[in-house]
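Structure, as structure tokens:
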Amino acid sequence: MASDLDISFAKSAKATDGLAIVLTLSGDLAFSGAETADPKGVLARAAKTAGFSGKAQGVLDLLAPEGSPAARLVAIGLGKASAITNHDWLTAGGVAASKLGKAEKATIFLDVPGLDGTGQAAADFALGMLLRAYAFERYKSKKNGKDDSDEPKPPKSVKMTIVTADAADAKKAFADCEAIAGGVILARDLVNEPANILGPVEFAARAAALDKLGVEVEILTEKEMGKLGMGALLGVAQGSVRPPRLAILKWNGGKAKEKPVAFIGKGVVFDTGGISIKPAAGMEDMKGDMGGAAAVTGLMHALAARKAKVNAIGILGLVENMPDGNAQRPGDIVTSMSGQTIEIVNTDAEGRLVLGDALWYCQDRFKPRFMINLATLTGAIMVALGSDHAGLFSNNDELAGQLLAAGEATQEKLWRMPLGKAYDKMIDSRFADMKNTGGRYGGACTAAQFLQRFVNDTPWAHLDIAGTAMDSPKTEISQSWASGFGVRLLDRLVRDNFEK
Ligand code: BES
Ligand code: MN
Ligand code: ZN
């Protein structure tokens, strides 16, 4: 399933001879668009036969329904009216997109009896469809694997008409949702892309393409980072033949003098572990170790594409972690841009080294209102939280609260984890100001503690997305290995708190 969806909104429309999708609450079933899509009321009978109750995400699929102009009629349940959130509309859109099959056109009736619709709900529904329809097929020479069979392929493009009384509002709200979809899809593409294609230089070039949306882009080279004294980041990069980059993205949508908000991403395009090399099994997943940088890039796309009224900085630390004759060794001591020295005890704890310099640079140069970094930082956070929540560490309760609320709203969920002196002590070093790991116990916390040593007094949050950015469970709105986690979350954070 990788059709392009061409979505438009209308106040009314006839069901065509293609696909019609209708919705209902649970309980006493009453379907949207019944007059046009189901004039003979065949759905009610079919629902009884199939045991369709209208519960959330339930589906009833009828072929050649009697009396209907539609060739196929799909009903989707929404559950109880009182419990429906915007996220449920997103999910319902995902379910709808999964039922398109071979249809080249579809009419979707959103005005559910017993439910007050809003333009935003319809736009969220459409966003759910776009996210569900995403598939990464760049390297499948036989698209959908179907070219040799007799099965018809999914159409290249599906013309979708969403029918709702709030069509004008929906269209307006959908413009922002399209910007967000573009950001999520960009993040997914970057994470899915293999490392032979996407090195630090290539990643920086993809980020630089955001200039088309009005984003200002600066790319720092190895030499420039050397002058700034970024010995921690450069130490990681020195084992790779592919040079590192630091990408700086600026979206100036706010007032001229307003301090920016800042997002910093770990962009390890491939993490072999370096000299402390990782086991072979599953190492291919480490092409996704730039999930933090991908989320920041996707977020900057979303903010710029919807012309968010905020000044935002995105910083991407782009390196490759390789073993090599020139690679850094366990026991090496490097000096970070902050002046603090670091004993490398494990070259596989590289993300914090990259972020330490990127965070320091960010607060030093931009004096932001806050910094939020995203990183596929530790296996330990996956042990603690699995793939249902990302770990949230913060030195600021207000920022943490705003993030948790955005997590609830978008269902990109966060769980707050502890920081504290005891964890901090675990990374003291015998030879330098700190060492780059504190051992196995509390591994996600000591990694966060390391980052905190590079944020000064800036309000800061660290999101450990190792469990949520890649190898993601399939959901109604994501079927991809790369979820794009963080884009919707942070767009929401900005929208709800920092655009005034
Ligand atoms: N990129 C990894 C963390 C990771 C592991 C992300 C699995 C996604 C899936 C990170 O650089 C790493 O190797 N962390 C080590 C730290 C350890 C050496 C202290 C880890 O978690 O094992
Ligand atoms: Mn590593
Ligand atoms: Zn890593």
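Applying the Karplus parametrisation 6.51 cos²θ - 1.76 cosθ + 1.60 with θ = phi - 60° to the phi angles of the range 376-390, what ³J(HN,Hα) value in whole Hz is obtained for each residue in order, glycine and proline being reported as x?
After applying 6.51 cos²θ - 1.76 cosθ + 1.60, I find 7, 8, 9, x, 4, 5, 6, 5, 6, 10, x, 10, 8, 10, 8 Hz.
Spelling out what I want: for every residue of the range 111-126, take phi, set θ = phi - 60°, compute 6.51 cos²θ - 1.76 cosθ + 1.60 (Karplus), and round to whole Hz; glycine and proline get x.
For the range 111-126, the Karplus curve yields 7, 7, x, x, 9, 7, x, 9, x, 4, 4, 5, 5, 5, 4, 5 Hz.
Setting aside same-chain residues fewer than 8 positions from residue 413, which lysines have a Cα under 20 Å from its Cα?
Partners found: 266, 474.
Counting other Cβ atoms within 10 Å, which trypsin sites (Lys or Arg not before Pro) in the range 97-144 have at most 14 and lie in a DSSP loop?
Values: sites: 99, 102, 105, 132, 138, 140, 142, 143; in loops: 99, 102, 138, 140, 142.
Those satisfying the criteria are 102, 138, 140, 142.
Please give the solvent-accessible surface of residue 278 in Å², to the nearest 10, using a probe radius of 1.4 Å with every protein chain present.
50 Å²
Counting only protein heavy atoms, what percent of the accessible surface of the range 202-333 is carbon or sulfur at a 1.4 Å probe? Kindly include the intermediate steps, with their values, before the conclusion.
Values: 2810 of 5000 Å².
That share works out to 56 percent.
The range 58-137: D in µm²/s via Stokes-Einstein (Kirkwood Rh, Cα pairs, 10 °C, 1.306 mPa s)?
Values: Rh = 13.6 Å.
The calculation lands on 117 µm²/s.
Based on a Kirkwood Rh over C-alpha pairs, give the Stokes-Einstein translational diffusion coefficient of the range 329-389 at 25 °C and viscosity 0.890 mPa s in µm²/s.
Working: Rh = 13.5 Å.
D, rounded to a whole number, is 182 µm²/s.
Determine one quarter of the surface area of the Cα convex hull of the range 386-466, which equals its mean projected area, and express it in nm² to one decimal. Walk me through the numbers before you get to the answer.
On the way: hull surface 22.6 nm².
The number I arrive at for the range 386-466 is 5.7 nm².
Report the calculated FRET efficiency for residue 137 and residue 57 (r = Cβ-Cβ distance, R0 = 35 Å), to the nearest 0.05. The partial results should precede the final answer.
Working: r = 26 Å, r/R0 = 0.73.
Calculated value: 0.85.
Amide H to amide H under 5 Å from residue 108: which residues, 5+ apart in sequence or cross-chain, H placed 1.01 Å off N in plane?
It is 21, 161, 162, 163, by chain and number.
Once the Cβ-Cβ distance between residue 367 and residue 422 is put in as r, and R0 is 25 Å, what FRET efficiency do you end up with, to the nearest 0.05?
Numbers: r = 31 Å, r/R0 = 1.22.
The formula returns an efficiency of 0.25 here.
Using only the alpha carbons of the range 225-337, determine the length spanned along each of the three principal axes and report them from longest to shortest in whole angstroms.
Cα spread of the range 225-337 along its principal axes, largest to smallest: 49, 34, 19 Å.
Of the cross-linked pairs 278/421; 14/40; 250/435, which ones have a Cα-Cα span greater than 27 Å in the structure shown?
Numbers: 278/421 30 Å; 14/40 15 Å; 250/435 33 Å.
Check vs 27 Å cut-off fails for 278/421; 250/435.
Given Cα pairs under 8 Å that are at least 6 residues apart, what percent is the relative contact order of the chain?
On the way: 1238 pairs, mean separation 75.9, N = 500.
Across the chain, relative contact order equals 15 percent.
Could you tell me what percent of the accessible area of the range 1-108 is made up of carbon and sulfur, with a 1.4 Å probe and every protein chain present? Please list the in-between numbers first.
Details: 2510 of 5010 Å².
Exposed carbon and sulfur together represent 50 percent of the surface.
May I ask you to work out the translational diffusion coefficient for the range 215-254 at 25 °C, viscosity 0.890 mPa s, via Stokes-Einstein with Rh from the Kirkwood sum over Cα pairs, reported in whole µm²/s?
On the way: Rh = 11.3 Å.
Answer from the Stokes-Einstein relation: 218 µm²/s.
Output needed: percent of Cα pairs per 20 Å distance bin for the chain, bins running from 0 to the one holding the longest distance.
In order of increasing distance, the bins hold 24, 50, 23, 4, 0 percent.
When the convex hull of the C-alpha atoms of the range 1-87 is computed, what volume per residue in Å³ does it have?
Working: hull volume 11.0 nm³, N = 87.
Hull volume normalised by residue count: 127 Å³.
Give me a comma-separated list of calculated 3J(HN,Hα) values for the range 253-270, in order, Karplus coefficients 6.51, -1.76, 1.60 applied at θ = phi - 60°, integers in Hz, x for any Gly or Pro.
Calculated HN-Hα couplings, in order: x, x, 5, 4, 9, 6, 5, x, 8, 9, 10, 10, x, 6, x, 7, 5, 8 Hz.
Taking the Cβ-Cβ separation of residue 11 and residue 277 as r and a Förster radius of 51 Å, what is the calculated FRET efficiency to the nearest 0.05? Intermediate results must be reported in sequence, preceding the final value.
Working: r = 61 Å, r/R0 = 1.20.
It comes out at approximately 0.25.
Write down the accessible area per residue of the chain in Å², having rolled a 1.4 Å probe over the full set of protein chains.
Numbers: 20470 Å² over 500 residues.
The answer is 41 Å² per residue.
Determine which aspartates and glutamates satisfy two conditions relative to residue 227: a Cα distance under 18 Å, and not lying fewer than 8 residues away in the same chain.
218, 357, 364
Give me the number: length gained by fully extending residue 471 to residue 346, i.e. 0.36 nm times residue separation minus the C-alpha to C-alpha distance, one decimal in nm.
On the way: separation 125, 0.36 × 125 = 45.00 nm, distance 2.46 nm.
Extra length available between residue 471 and residue 346 comes to 42.5 nm.
With a 1.4 Å probe and all protein chains kept in place, how much accessible area does residue 104 have, in Å² rounded to the nearest 10?
130 Å²
Sequence-distant or interchain residues sharing an amide H contact under 5 Å with residue 263, placed H: which?
Close amide H contacts, sequence-distant or interchain: 313, 314, 315, 372.
Under a 1.4 angstrom probe, counting protein chains only, how are 462, 389 ranked by accessible area, largest first?
Working: 462 0, 389 40 Å².
Heavy-atom accessible area, descending, gives 389, 462.
Among 447, 195, 295, which residue has its Cα positioned farthest towards the positive end of the charge dipole of the chain, with +1 placed on the Cβ of Lys and Arg, -1 on the Cβ of Asp and Glu, and the dipole taken about the Cα centre?
It is 295.
Using alpha-carbon pairs under 8 Å, 6+ residues apart, how would you state the relative contact order of the range 50-95 in percent? Before the final figure, lay out the partial values.
Details: 58 pairs, mean separation 16.8, N = 46.
Here the relative contact order equals 36 percent.
In percent, what relative contact order does the range 367-419 have, based on Cα pairs under 8 Å that are 6 or more apart in sequence? If you can, show how the numbers build up before the last one.
Numbers: 36 pairs, mean separation 18.2, N = 53.
Averaging sequence separation for qualifying contacts and normalising by length gives 34 percent for the range 367-419.
Here is the link list: 223/367; 142/287; 48/171; 159/212; 212/500; 159/287. Which ones come out longer than 29 Å on Cα distance? All intermediate terms of the calculation are to be shown ahead of the outcome.
Values: 223/367 24 Å; 142/287 23 Å; 48/171 36 Å; 159/212 27 Å; 212/500 25 Å; 159/287 35 Å.
48/171; 159/287, as the Cα separations exceed 29 Å there.
The values are calculated or read from the model by the stated rules, or taken from the named source; none is laboratory data. What you are looking at is a predicted structure, and each value in this text was computed from that prediction instead of being measured. Note: ideal-geometry Cβ built from the backbone for every residue, glycine included; neighbour counts use all protein chains shown. Side chains included, ligands, DNA and RNA excluded: accessible areas come from the protein's heavy atoms. Shrake-Rupley method; radii C 1.70, N 1.55, O 1.52, S 1.80 Å.
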